[in-house]
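Chemist: One structure follows; several queries about it will come next.
The values are calculated or read from the model by the stated rules, or taken from the named source; none is laboratory data. Just so you know, these numbers come straight off a predicted model, no measurement behind them. Cβ: placed from backbone, ideal geometry, glycine included. Neighbour counts: every protein chain shown. Surface accessibility is based on the protein's heavy atoms, side chains included, excluding ligands, DNA and RNA. Shrake-Rupley method; radii C 1.70, N 1.55, O 1.52, S 1.80 Å.
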Amino acid sequence: MEILKLTALELGEKIKSKEISCRQAVEEYLKAIDENDSVINAYITVLRDEALARADEVQAMIDRGELADSPLAGVPVAIKDNMCTKGVLTSAASNILNNFKPPYDATVVEKVKAAGGIIIGKVNMDEFAMGGSTETSHYGVTANPWDTKRVPGGSSGGSAAAVASGMAPYSLGSDTGGSIRQPAAFTGLTGIKPTYGSVSRYGLLAYASSLDQIGPVAHDIKDAAAALSMISGTDKRDSTSVIGYSADKSAAIKPGKNNAFDFTDCFADEADPCAKIRGMKIGIPANYYGDGLDPEIKEAIFKAIDMLKAGGAVIEEFDMPIIDYAVPAYYIIACAEASSNLSRYDGIKYGRRTKEANDLIETYYKSRSEGFGAEVKRRIMLGSFVLSSGYFDAYYKKALQVRGLIKKAFDEAYEKYDAILSPVSPTVAYEIGGQIADPIAMYMADIYTVSVNLAGLPAVSVPCGFSKSGMPVGMQFIGDSFQEEKIIKMASAYQAMTDYHTKRPGIFGNAEKGGDN
């Protein structure tokens, strides 16, 4: 039996049935890390001894009949390095936090542990989640397992690369402007950005607090949904954590412990894969499919649209012109919040402190100059500028107004449609170094993803084909607030009709690699 070819849920089932032990699963993934990570560089910290000890602990709990209602008990998981893990380096891939070991766990880490999860390591990312390629990390560039000369996307590139290369069965990432969905698309995986507030941000090292959201990256929608169910729910330590009920929307979050998501009835039946989406209306924004979108991506998505139509979904085109302003509005708001959030890293309270300073001001200046990378400095300066006196109204206030208009446009769309279908990225994964020297090009690559964060909506990225060069292509279903069930039903129906999510890159050993559309 090849453990690495099992999905996370399949592995969990075999652990429960005693076909595989927790220790065997952990040892197999540690072996894969030893073999592959020198090439991929997905991990910042590998918790070898801790994971093995935890495996024995979880195995004992399973043997006692505990954790019976936890489908991912005993399954290893990789955690993005911006989520606090007690006593373990949590650096956000930044030199300024190269010695920071939190005294507490993030809420999502607590939930993973409570469910019997085994954290196998902390994975690489763009520094403070600022980047779209995992090239700005203090710990070096992460490679795409499908082609190690290309990027895996960002900022959760390590989360995606670890899963795609068989070094973790699933992972947790964070999404501020597409940072779960774009890496998932670049590496042939499934990634969910949940509704803002549905997953606690307590213990997440903040980039832009009104945009950040934690979510899963996995091989298929069932694994991703199981992970989201595990980490979702209200948290009194996060003031933005909310319950997903409203007067005009039926219970999107089903009653359960801590109001966590329950996706039990969302998955497609083998006999009739499209039964749960038949009659659902999907909107296609016409302006998303014009100039700038790689023709191969457009072709792959329109093939998917034809399949959904054939399955009984109702597909309609519509216009959403306000989205053209999403990228500038996003970067003004995100950078403004970043300049505020990152002011806490001053070389005094925790983290790296310069050894060259002679007074307090010099300590601030040199600690931050030495600790932050170029992209983080760029965004702090931009954020400080748009918040400064004389420019606040001209930039930041207008960006907030545009954000309101974008949310209004989505609200109007969801009066007609159950979901919106769009590309994730205008291109497939590009070569390492291909955009890092051109920040504007890097920022514009987020054109299809940032509006979702501005509006606080859920979205799921699924693989929908391969380019002629053999690189994965992704598309995303975007839902209304707390309507994760609908987009998961659509993703499940699509994956029941296709096998793109089952493909694995060549680095995965003898696994099958994808080809053309």
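Chemist: How many of the residues in region 381-433 are closer than 29 Å to Arg150 by Cα, in a loop (DSSP other than H, G, I, E, B) and of a type outside the set (Gly, Ala, Ser)?
Modeler: Total satisfying the criteria: 6.
Chemist: If you don't mind, another one. Residues Ser137, Ser171, Ser159, Ser155: which one is in a loop (DSSP other than H, G, I, E, B), among the polar types (S, T, N, Q) and under 13 Å from the mean Cα position of the chain (by Cα)?
Modeler: Details: Ser137 fails: under 13 Å from the mean Cα position of the chain (by Cα); Ser171 fails: in a loop (DSSP other than H, G, I, E, B); Ser159 fails: in a loop (DSSP other than H, G, I, E, B).
Only one candidate passes the filter, namely Ser155.
Chemist: Let me ask something else. With the requirement that a residue be of a type in the set (Ser, Thr, Tyr) and surrounded by 24 or more Cβ atoms within 10 Å (Cβ to Cβ), what does region 423-459 give you? Walk me through how you get there before you give the answer.
Modeler: First pass over region 423-459, keeping only residues of a type in the set (Ser, Thr, Tyr): 425, 427, 430, 443, 448-449, 451.
Matches in region 423-459: Ser425, Tyr448, Thr449, Ser451.
Chemist: Next question. Given (1) touching a Cys at 6+ places or on another chain (Cβ under 9 Å); (2) part of a strand (DSSP E or B), identify the lone condition not met by Val462.
Modeler: (1)
Chemist: Going by what's in this entry, would Gly116 be described as among the small types (Gly, Ala, Ser), more than 21 Å from Leu6 (Cα to Cα) and in contact with a helix residue (DSSP H, G or I) (Cβ under 7 Å, 6 or more places away or on another chain)? If you could, list the steps in order and put the result at the bottom.
Modeler: Working: among the small types (Gly, Ala, Ser): yes; more than 21 Å from Leu6 (Cα to Cα): no; in contact with a helix residue (DSSP H, G or I) (Cβ under 7 Å, 6 or more places away or on another chain): yes.
No.
Chemist: What pairs come up if the first residue lies in region 394-418 and is more than 30 Å from Gly279 (Cβ to Cβ), the second is among the small types (Gly, Ala, Ser), and their beta carbons are under 6 Å apart, counting only those six or more places apart or on different chains?
Modeler: Between residues of region 394-418 that are more than 30 Å from Gly279 (Cβ to Cβ) and residues that are among the small types (Gly, Ala, Ser), the close pairs are Tyr396/Ala336; Ala399/Ala329; Val402/Ala329; Arg403/Ala329.
Chemist: Right, Phe267: touching a residue at least 40 places away in the same chain (Cβ under 8 Å), touching a Ser or Thr at 6+ places or on another chain (Cβ under 7 Å), open to solvent by 30 Å² or more (accessible area, probe 1.4 Å) and closer than 22 Å to Ala226 by Cα or not? Before the answer, list the steps.
Modeler: Working: touching a residue at least 40 places away in the same chain (Cβ under 8 Å): yes; touching a Ser or Thr at 6+ places or on another chain (Cβ under 7 Å): yes; open to solvent by 30 Å² or more (accessible area, probe 1.4 Å): yes; closer than 22 Å to Ala226 by Cα: yes.
So Phe267 passes the test.
Chemist: What about Glu50, is it more than 22 Å from the chain's Cα centre (by Cα) and in contact (Cβ under 8 Å) with a residue 12 or more places away in the chain? It would help to see each step written out before you state the result.
Modeler: Numbers: more than 22 Å from the chain's Cα centre (by Cα): yes; in contact (Cβ under 8 Å) with a residue 12 or more places away in the chain: yes.
Yes, satisfied.
Chemist: Residues Asp262, Asp291, Asp272: which one is part of a loop (DSSP other than H, G, I, E, B) and in contact with a Lys or Arg (Cβ under 6 Å, 6 or more places away or on another chain)? It would help to see each step written out before you state the result.
Modeler: On the way: Asp291 fails: in contact with a Lys or Arg (Cβ under 6 Å, 6 or more places away or on another chain); Asp272 fails: in contact with a Lys or Arg (Cβ under 6 Å, 6 or more places away or on another chain).
Every option except Asp262 fails the conditions.
Chemist: Tally time: how many residues in region 423-479 are touching a helix residue (DSSP H, G or I) at 6+ places or on another chain (Cβ under 8 Å), farther than 24 Å from Met320 by Cβ and among the polar types (S, T, N, Q)?
Modeler: 2
Chemist: Taking region 94-145 only, how many residues are open to solvent by 10 Å² or more (accessible area, probe 1.4 Å), small (Gly, Ala, Ser) and either in contact with a strand residue (DSSP E or B) (Cβ under 6 Å, 6 or more places away or on another chain) or within 20 Å of Glu50 (Cβ to Cβ) (or both)?
Modeler: So the count comes out to 2.
Chemist: Right, next: Looking only at region 329-360, filter to residues that are touching a helix residue (DSSP H, G or I) at 6+ places or on another chain (Cβ under 9 Å), over 19 Å from Pro103 (Cβ atoms) and aliphatic (A, V, I, L, M); which one of those is surrounded by the most Cβ atoms within 10 Å (Cβ to Cβ)?
Modeler: Ala334
Chemist: Still on this model: Being within 16 Å of Asn124 (Cβ to Cβ), among the β-branched types (Val, Ile, Thr) and out of contact with any Gly (no Cβ under 6 Å at 6 or more places or on another chain) is the filter here, so list the residues in region 149-184 that pass it.
Modeler: The answer is Val151, Val163.
Chemist: Okay, next question. Just for helices (runs of 4 or more DSSP H) wholly inside region 1-93: which have at least 3 residues that are open to solvent by 80 Å² or more (accessible area, probe 1.4 Å) and not hydrophobic (A, V, I, L, M, F, W, C)?
Modeler: The qualifying helices (runs of 4 or more DSSP H) are 22-40, 48-63.
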